[in-house]
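Enquirer: The structure under discussion is supplied below as structure tokens; questions concerning it will follow.
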Amino acid sequence: MSQPDIVVKPRDVMPEGARTLPARYYTDPSLFRAEMDRLFGRMWVCAGRSEQAGRPGQFFVREINGRNIVVTRSASGTLRAFHNVCRHRGTRICSEEVGQFAGSIRCPYHAWTYDLDGRLIGAPHMEEVPHFDKAEYPLLAVDADEWDGHVFVTLRDNPPPLRAQLGDLCAKFRDWRMQDLRLGRRIVYDVRANWKLIIQNYNECLHCPNLHPALNKLSHYLSGENEPLRPTYMGGRMDLRPGVETLSMDGSCPRAFLPGLSPEDRRRVYYYAIFPNMLLSLHPDYMLVHSLWPMAPDRTVNICEWHFQPSELARERFNPSDCVDFWDLTNRQDWHVCELSQAGISSPAYVPGPYSNREDLLYAFDRFIVEFHQRSSA
């Protein structure tokens, strides 16, 4: 495979004293708790895909910062989300992670029943209670919204619109028509590392020649460019090498390219971390989404999903293993080194080290985290 000439662009010199974060940002339970309460607890969090609640009554469940949330669709087709708590005696209503309500939401304990908009419509024996009013006991709602086929929820009261958090990304990725894509494969990884280490690893490729020789063979680690960190996301693109059609085991593409992409975007892969938990990778022929679910300062569950055009999924011999195997290999390499980073940072011998000029995006993310904690403790 021919090697293209890579133009190395001048880099801004990093500030004097630019160092990695002290260990406590990855190990301290109190800092982790603050991040869960004030980042995951206040921002819009990527919860899943619209197709997971595509029909009225179809639902899926997510655990967000200690809250068990049910996401479903009302009879009118409106996306709804509720705390998974019955208003009678607090029983958890849904015990399955996915399912289909039979026209209403019914508590398994005393059969309190709610419609798909959360209104209480049945409360056995409560007619005997003077002044009881069913209208006063709906399911506790959680704000939910959709962006191009992705479902977001927020625990914040009176939140700003989801579009305010996404900013320019709504227009930037419109041509991928993400709402039209459908799940082809899902792998769940349990990573023994802090969620921020996973985001940092995702947003740099200086490690690619050493850690990902298969990836670097298809996309040079110095290709493409990043955009400056924004308050709610960061990312950039990398370019495919000449003769490479997509990121797969051999670089070939057995699928049709996504319709609507420009010739330039058919030669690129975009990687964006949308805070706090969504890693979005857009390829010429498929979409890869990671959703991060921090469980502890040193543990993060990563739900990784590959999405394809429905016409490709419907093909008799459709087989996504070329790209799934490629990224599963790459993912496991990444998660392994993230775990090594967590182990090293947790050592009493760890001392913050210097960043290179090509790690400016990581340094900017560090400043974002430091400033967040300064505001939280003020």
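Every number here is computed from the coordinates shown, using simple stated rules; none is lab data. This is a predicted model, so every value here is computed, not measured. Methodologically, a virtual Cβ is constructed for each residue, glycine included, from the backbone with ideal geometry; neighbour enumeration extends over all protein chains shown.
Enquirer: Go through segment 188-210 and give me each residue that's assigned to a helix (DSSP H, G or I) and either without any contact (Cβ under 8 Å) to a residue 24 or more places away in the chain or more than 22 Å from the chain's Cα centre (by Cα) (or both).
Expert: Selection gives Cys208, Pro209, Asn210.
Enquirer: Step by step: first the residues of segment 211-247, then only those that are assigned to a loop (DSSP other than H, G, I, E, B), touching a residue at least 60 places away in the same chain (Cβ under 8 Å) and touching a Ser or Thr at 6+ places or on another chain (Cβ under 9 Å), then the one that is farthest from Gln200 (Cα to Cα). Which residue is that?
Expert: Gly243
Enquirer: Okay, next question. Could you tell me how many of the residues in segment 220-231 are among the small types (Gly, Ala, Ser) and under 23 Å from the mean Cα position of the chain (by Cα)?
Expert: Count: 1.
Enquirer: When segment 244-258 is examined, which residues are found to be more than 25 Å from the chain's Cα centre (by Cα) and of a type in the set (Gly, Ala, Ser)?
Expert: Selection gives Gly251, Ser252, Ala256.
Enquirer: Among the residues of segment 310-320, which ones are closer than 15 Å to Leu288 by Cβ and either among the aromatic types (Phe, Trp, Tyr) or without any contact (Cβ under 8 Å) to a residue 40 or more places away in the chain (or both)?
Expert: Selection gives nothing.
Enquirer: Within segment 339-374, count every residue that is buried (at least 16 other Cβ atoms within 10 Å of the Cβ) and β-branched (Val, Ile, Thr).
Expert: 2
Enquirer: So which residues in segment 23-34 are over 17 Å from Ala364 (Cβ atoms) and either part of a helix (DSSP H, G or I) or not charged (D, E, K, R) (or both), if there are any at all?
Expert: Scanning segment 23-34 gives Ala23, Arg24, Tyr26, Thr27, Pro29, Ser30, Leu31, Phe32, Arg33, Ala34.
Enquirer: Can you tell me how many residues within segment 269-322 are of a type in the set (Gly, Ala, Ser) and closer than 20 Å to Asn226 by Cβ?
Expert: 2
Enquirer: Sticking with this one: Would you check which residues across segment 114-157 are β-branched (Val, Ile, Thr) and loosely packed, with under 12 Cβ neighbours inside 10 Å and list them?
Expert: Val129
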